[in-house]
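Q: Here it is, the structure, as structure tokens.
No value in this document is a laboratory result; all are computed from the given coordinates. In this text, all values refer to a predicted model and were calculated from it rather than measured experimentally. Cβ sites come from the backbone with ideal geometry, for glycine too, and all protein chains shown count toward neighbours.
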Protein chains: 2
Amino acid sequence: MALHHEAPIRVGLLGAGTVGSQTARLLVEQKDELSQRIGRDIELGGVACLDPDEVDFPWIDRSLLTSDTMAVATNADIVVELIGGLEPARTFVLAAIESGASVVTANKALLAKHGPEIYQAAADKGVDIYFEAAVGGAIPIVRPLRESLVGDKVTSMLGIVNGTTNYILDEMTTKGLDFDVALRDAQARGYAEADPTGDIEGHDAANKAAIMATLGFHTNVGIDDVTVEGITRITADDIAAAAAEHKVVKLLAVVENGEAGVSARVYPALIDENHPLASVHGSFNAVFVKAEAADDLMFYGRGAGGAPTASAVVGDVVTVARHIAQGCTGPVIPMYNDLPKAPIEASKAAFAVRFLIHDKPGVLAAIAAEFAKRGVSINGVNQDLKPTLHDPGYSGELQQLRIVTHLTDEATLRDTVKAVCELDFVTGEPSILRVLD
Amino acid sequence: MALHHEAPIRVGLLGAGTVGSQTARLLVEQKDELSQRIGRDIELGGVACLDPDEVDFPWIDRSLLTSDTMAVATNADIVVELIGGLEPARTFVLAAIESGASVVTANKALLAKHGPEIYQAAADKGVDIYFEAAVGGAIPIVRPLRESLVGDKVTSMLGIVNGTTNYILDEMTTKGLDFDVALRDAQARGYAEADPTGDIEGHDAANKAAIMATLGFHTNVGIDDVTVEGITRITADDIAAAAAEHKVVKLLAVVENGEAGVSARVYPALIDENHPLASVHGSFNAVFVKAEAADDLMFYGRGAGGAPTASAVVGDVVTVARHIAQGCTGPVIPMYNDLPKAPIEASKAAFAVRFLIHDKPGVLAAIAAEFAKRGVSINGVNQDLKPTLHDPGYSGELQQLRIVTHLTDEATLRDTVKAVCELDFVTGEPSILRVLD
């Protein structure tokens with residue numbers, strides 16, 4: 001059905017995997033309704049994939065399939081990049097922009113690494129770059145940051161932005177599992193990949209943290225600015241000890257715009273069980289935003305998956321198509337602030353530290369003395385914890401000692417922990433978790 | 001600082017109360033940054049209020065104040081309507097549009113009643129009408145529905161969209177208070193107005209339900225299409241009985257696009273304590289959205305207050321100003337679907353019904369027989385509840401009987417309750433609450 005007399009807006013799709021195939025489905029099945037929203041016809045003009053013979057979806061016309069990705073990237077009004085990774089995705093995205101196409105992408109790694117180059121190329125060419133699906137999957141978070149909150153000042157964001165680690169921590173919490181067991185279980189159920197490194201070491205969340213900070217603070221924060229800790233050292237004991245204090249362990253992306261500058265970090269932390277993020281379970285994602293005028297906001301939804309991610313991608317495609325139909329563009333990615341990066345040493349937090357010890361008289365006094373010597377104030381001590389098989393260096397004679405501090409700066413805390421670990425009755429690797437208010 | 005050579009975009013503000021004064025503050029204090037985002041200078045060109053002598057904010061230049069609202073409404077590029085209510089707000093909004101101005105408003109009552117007239121006037125004139133602050137205060141929900149989810153199909157929304165009633169129900173829950181006590185307490189603390197009718201009877205939430213349904217389902221749903229029940233009949237016993245079943249009572253705006261048509265309703269209901277909406281406390285608002293591709297989404301934040309609402313208003317002003325600077329407009333409010341309204345009789349739900357009875361042998365059998373006769377299946381019965389002073393018709397001899405049903409259609413349930421109430425040992429008004437999955 002041709003609604004309009006002008007040529008239809010052509011969408012070129014790079015990638016026909018889980019998200020690509022669902023994006024194609026929504027574009028094809030809802031073509032008429034979307035065209036009506038846009039004010040001009042829209043059509044899927046080409047789908048690039050590695051092996052067209054392997055792709056078989058009833059809604060994708062076989063004649064649209066090609067392995068010539070560059071041809072699709074440079075022959076469309078809107079290019080949807082769903083290849084992922086840095087190269088060749090970067091080359092295709094820049095070629096698409098250079099050809100005059102607007103770009104919609106879900107590629108967080110690409111934007112966290114090459115964002116400024118891509119945003120600048122789009123601004124120079126006068127085309128749109130939209131990427132709602134790059135953070136939080138289906139959750140509208142990029143658009144609110146780019147548009148709804150522009151009259152406000154975002155001061156911090158806390159995000160659960162990786163569903164795999166959230167699922168694993170949830171399983172550890174509800175079933176008392178240790179990390180390794182929960183990971184294998186998540187792999188068996190398809191919630192974790194065969195090589196889970198990018199998720200469990202926090203790299204995926206770090207890409208999203210970089211994008212969140214860039215959008216929220218209007219300054220460039222790249223993946224190399226993000227400090228990252230994963231969840232591989234968390235044990236069932238850490239979680240049980242947190243639960244006893246009415247707290248839960250979550251892997252958080254934390255971005256802040258404070259007096260010392262901008263920071264972007266990923267780490268596992270204890271949050272109060274009444275915090276809105278505490279009830280974000282399984283593979284769901286959520287981003288908690290603090291802004292000066294709006295105060296607390298939270299955005300919650302599916303952080304991954306074919307159809308949810310495609311929903312966000314197609315929302316972007318329609319917005320960009322409306323801009324093309326009207327001859328305008330959306331807001332450029334604002335990076336007019338050149339804010340300093342806060343040094344990690346300057347950050348203050350409360351910490352929960354767990355040591356493995358050979359218990360004997362005087363142990364607690366000696367450890368407490370190391371904390372006192374450096375002015376680190378102790379909020380609570382717990383020596384009842386049973387060591388588990390998954391503690392490095394475990395043997396039956398060891399005990400665990402857990403110390404929760406008051407607010408302290410990170411450098412001093414790390415010095416203290418290092419000194420404690422040098423005491424002769426302390427062994428193995430300590431576990432260090434931040435405790436958020 | 002003049003960033004650009006063109007004339008600045010003039011904003012006319014109608015209303016200088018809590019939200020208006022904060023909107024003026026953000027526009028004045030962040031003028032340079034906003035102008036940079038817009039690509040053209042923006043300035044506050046006039047502020048209309050009832051008595052200019054009474055308005056005294058350091059950031060509002062006194063020369064901008066006037067009581068001539070029509071002059072401000074028809075001499076601006078963007079008119080921000082914060083007067084509230086139906087008239088004269090409607091007249092000023094239509095005059096602004098007629099004069100060629102785009103309009104930003106937080107007026108839910110106006111849109112729920114006169115939305116189609118206003119949306120059509122804006123579309124005819126080629127200007128924008130934006131209203132993020134009309135639903136959920138600071139929470140970006142209108143923009144996601146208008147833009148992010150356009151490639152998806154929203155099937156239902158559940159919202160806690162009235163902070164006053166949420167605060168009252170929370171106080172009843174945490175402190176075991178009855179409704180009247182909690183209301184007086186909320187009034188004393190400024191969370192409820194002296195005349196709380198609009199909040200506690202559900203009318204405020206109903207306006208928002210109408211807007212949510214219109215945006216979500218692309219069909220016109222007006223305030224007269226919304227069925228409304230308030231919270232005035234909820235007792236501490238209802239809440240205690242819910243808590244015993246791990247449920248909480250919330251006043252919900254519920255809009256659905258089902259087989260029988262579109263429905264928009266406001267009612268107090270029991271939801272599971274693990275539902276994301278259950279942990280929305282105090283004056284916070286949240287909207288839970290179900291869409292076919294995106295699946296579950298939730299948006300959470302401050303539903304009212306000067307600064308939070310102003311944050312949403314200014315976000316809209318910047319978007320509209322960018323459109324003016326670029327010579328384009330945002331998406332029109334889509335009402336191309338002409339969906340039937342589902343008759344209330346067709347809706348199915350589980351119900352928790354509480355009767356006041358004179359207890360004697362055979363009472364339960366007689367009541368159960370009325371349910372059985374009409375095919376209403378009973379899920380649970382509880383006769384332990386103590387009547388409270390706030391039950392109508394209370395006397396020391398009465399007992400309460402609470403019955404929870406399985407899914408049943410509403411007409412049959414109401415027939416059954418009516419029949420039970422005609423039994424001679426049943427007295428007073430029954431309490432009927434829906435139970436959501």
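Q: Report whether or not B:VAL262 is at the interface with chain A (Cβ under 8 Å from one of its Cβ atoms), closer than 23 Å to B:ALA206 by Cβ, β-branched (Val, Ile, Thr) and surrounded by 20 or more Cβ atoms within 10 Å (Cβ to Cβ).
A: Values: at the interface with chain A (Cβ under 8 Å from one of its Cβ atoms): no; closer than 23 Å to B:ALA206 by Cβ: yes; β-branched (Val, Ile, Thr): yes; surrounded by 20 or more Cβ atoms within 10 Å (Cβ to Cβ): yes.
No; evaluated as a whole, the condition is false for this residue.
Q: Take B:VAL320 and tell me if it is touching a Gly at 6+ places or on another chain (Cβ under 9 Å), crowded, with 23+ Cβ neighbours inside 10 Å and either facing chain A (nearest Cβ under 8 Å) or closer than 25 Å to B:VAL226 by Cβ (or both).
A: Working: touching a Gly at 6+ places or on another chain (Cβ under 9 Å): yes; crowded, with 23+ Cβ neighbours inside 10 Å: yes; either facing chain A (nearest Cβ under 8 Å) or closer than 25 Å to B:VAL226 by Cβ (or both): no.
Against the criterion (touching a Gly at 6+ places or on another chain (Cβ under 9 Å), crowded, with 23+ Cβ neighbours inside 10 Å and either facing chain A (nearest Cβ under 8 Å) or closer than 25 Å to B:VAL226 by Cβ (or both)), B:VAL320 does not qualify.
Q: Residue under question is B:ALA349, and the condition is that it be more than 7 Å from chain A (Cβ to nearest Cβ) and in a helix (DSSP H, G or I); does it hold? It would help to see each step written out before you state the result.
A: Working: more than 7 Å from chain A (Cβ to nearest Cβ): yes; in a helix (DSSP H, G or I): no.
Taking the combined requirement at face value, the residue does not satisfy it.
Q: Continuing with the same structure: Taking region B:96-139 as the region of interest, how many residues are closer than 27 Å to B:VAL289 by Cα and without any contact (Cβ under 8 Å) to a residue 40 or more places away in the chain?
A: Number satisfying all stated conditions: 8.
Q: With (1) farther than 19 Å from B:ASN162 by Cα; (2) away from chain A (no Cβ under 11 Å) as the list, and B:ARG143 as the residue in question, which single condition is left unmet?
A: Among (1) farther than 19 Å from B:ASN162 by Cα; (2) away from chain A (no Cβ under 11 Å), B:ARG143 violates only (2).
Q: Is there a residue in region B:35-56 that is farther than 28 Å from B:VAL332 by Cα and within 14 Å of another protein chain (Cβ to nearest Cβ)?
A: So in region B:35-56, the residues farther than 28 Å from B:VAL332 by Cα come out as B:49-56.
With within 14 Å of another protein chain (Cβ to nearest Cβ) added as a condition, the list becomes none.
Taking every residue of region B:35-56 in turn, none turns out to be farther than 28 Å from B:VAL332 by Cα and within 14 Å of another protein chain (Cβ to nearest Cβ).
Q: Right, B:VAL161: more than 10 Å from every other protein chain (Cβ to nearest Cβ) and β-branched (Val, Ile, Thr) or not? Don't jump to the end; show me each part of the working.
A: On the way: more than 10 Å from every other protein chain (Cβ to nearest Cβ): yes; β-branched (Val, Ile, Thr): yes.
Yes.
Q: So if I check each of B:ALA205, B:ALA210, which one is within 11 Å of the chain's Cα centre (by Cα) and over 17 Å from B:LEU169 (Cβ atoms)? Full working, then the answer.
A: Values: B:ALA205 fails: over 17 Å from B:LEU169 (Cβ atoms).
Within the list B:ALA205, B:ALA210, the selection yields B:ALA210.
Q: Let me ask another. Could you list, in sequence order, the residues of region B:283-299 that are more than 16 Å from B:ALA205 (Cβ to Cβ) and more than 10 Å from every other protein chain (Cβ to nearest Cβ)?
A: Hit for region B:283-299 is B:LYS290, nothing else.
Q: Give the residue that is nearest to the chain's Cα centre (by Cα), with candidates limited to residues of region A:287-297 that are more than 18 Å from B:LEU26 (Cα to Cα) and buried (at least 24 other Cβ atoms within 10 Å of the Cβ). Step through it out loud before you land on a result.
A: Step one: of region A:287-297, the residues more than 18 Å from B:LEU26 (Cα to Cα) are A:287-289, A:297.
So of that shortlist, the ones also buried (at least 24 other Cβ atoms within 10 Å of the Cβ) come out as A:287, A:289, A:297.
Values: A:VAL287: 9, A:VAL289: 14, A:LEU297: 17 Å.
Step by step, filter region A:287-297, then rank; the result is A:VAL287.
Q: When residues of region B:178-202 are filtered for being buried (at least 20 other Cβ atoms within 10 Å of the Cβ) and in contact (Cβ under 8 Å) with a residue 40 or more places away in the chain, how many remain?
A: Residues flagged as buried (at least 20 other Cβ atoms within 10 Å of the Cβ) and in contact (Cβ under 8 Å) with a residue 40 or more places away in the chain within region B:178-202 amount to 3.
Q: Also, I was wondering about something else. I'd like to verify a number: residues in region B:287-319 that are of a type in the set (A, V, I, L, M), under 19 Å from B:ASN162 (Cα atoms) and touching a helix residue (DSSP H, G or I) at 6+ places or on another chain (Cβ under 6 Å), how many?
A: Residues that pass the stated criteria total 6.
Q: Can you report the number of residues in region A:203-225 which are of a type in the set (A, V, I, L, M) and surrounded by fewer than 24 Cβ atoms within 10 Å (Cβ to Cβ)?
A: 1
Q: Can I ask one more? I'm trying to understand the selection: among the residues of region B:110-158, which are small (Gly, Ala, Ser), buried (at least 22 other Cβ atoms within 10 Å of the Cβ) and either within 14 Å of B:ALA96 (Cβ to Cβ) or in contact with a Phe, Trp or Tyr (Cβ under 8 Å, 6 or more places away or on another chain) (or both)? If you could, list the steps in order and put the result at the bottom.
A: At the first step, the residues of region B:110-158 found to be small (Gly, Ala, Ser) are B:112, B:115, B:121-123, B:126, B:133-134, B:136-138, B:148, B:151, B:156.
After this cut, where a residue has to be buried (at least 22 other Cβ atoms within 10 Å of the Cβ) as well, the list is B:112, B:115, B:122, B:133-134, B:136-138, B:148, B:151.
Result: B:ALA122, B:GLY136.
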